[in-house]
Amino acid sequence: MVLSFIIPFSWIDALDILLVAMLLYQLYKLIRGTVAINISLGIVALYLLWLLVKALNMQLLETILGQFIGVGFIALIIVFQQEIRRFLLLLGTNDFFKKFSLNLFAATASSASDNKLDVLAFIKACKTMSESNTGAIVVLTKSSTLDFYVSTGDVINAQLNTRLIESIFFKNNPLHDGAVIVTNNYIKAARCVLPVTENDNFPEHLGMRHRAAVGITEDSDAIAVIVSEQTGAISVCKEGKLTVDISIQQLSKLLEKEFNT
């Protein structure tokens, strides 16, 4: 049987599909490894449920879910306001389109198993800074590379080693005031600005480094390690949960489990 019609498809249609794919890819890069990706899955699940309810002609539930779907665009703006802001900032950067094209067909993200960490070198630096009461905050990324926050600091792109970490947080170093972001065993940037938690129950005796550690791990799957400038105590934060004053041995076991197993 010969088809009676052929769907027209021109190079404009191909370009349209390509641009949409590029846009969706960049949006995915912004939200991967954050709570936003889980919210996105929840929205998709809600939409599929609405389609199922509609097909089964369950009028009451269809009406209720339909109200959510009807205001979906406004809800998306409210829920994803931070991600939308980051995306618009990314559009405003000069090298956006260069990165856009270079990264289109690259791997979307390194898995946790590929994101290795030289735990021994990092632990040595933490131990030295703890003994000398050198304040520090280091963010160890996992599935999300936190490119937006890397762009707020000074790019280094050097392989992680003990002396480099110690020198960055030396109090007379102009790079010490801010966070260091480490990805795939490379120090991506120093003096990075992180979001701070807005949790009203945050302990008042803890400083801005601890607040920033909670803030960055609330919105990503990264792990933040903090050294207190006042006491030298080492703390670690994961998924917005802060564990204060842990030992070097405890920190070493945690990092080995998270990055090297």
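Summary table below
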{"read-out": "Rh by Kirkwood over Cα pairs, then Stokes-Einstein D for segment 171-261 at 1.567 mPa s and 4 °C, µm²/s", "value": "94 µm²/s"}
{"read-out": "Ranked His176, His210, criterion: other C-beta atoms within 10 Å, fewest first", "value": "His176, His210"}
{"read-out": "Label-point gap, in nm, between Asn173 and Ile12 - each point 7 angstrom along Cα→Cβ", "value": "5.6 nm"}
{"read-out": "Residues Leu48 and Ile248, FRET efficiency given R0 of 45 Å [Cβ-Cβ distance, rounded to 0.05]", "value": "0.40"}
{"read-out": "Highest to lowest packing among 15-24, 211-220, 117-126, 153-162, scored as the average C-beta count within 10 Å", "value": "211-220, 117-126, 153-162, 15-24"}
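Every number in this text was worked out from the coordinates using simple rules, so none of it is lab data. These figures come from a predicted structure and were not determined experimentally. For neighbour counting, all protein chains shown are included, and Cβ atoms are generated from backbone atoms with ideal geometry for every residue, glycine included.
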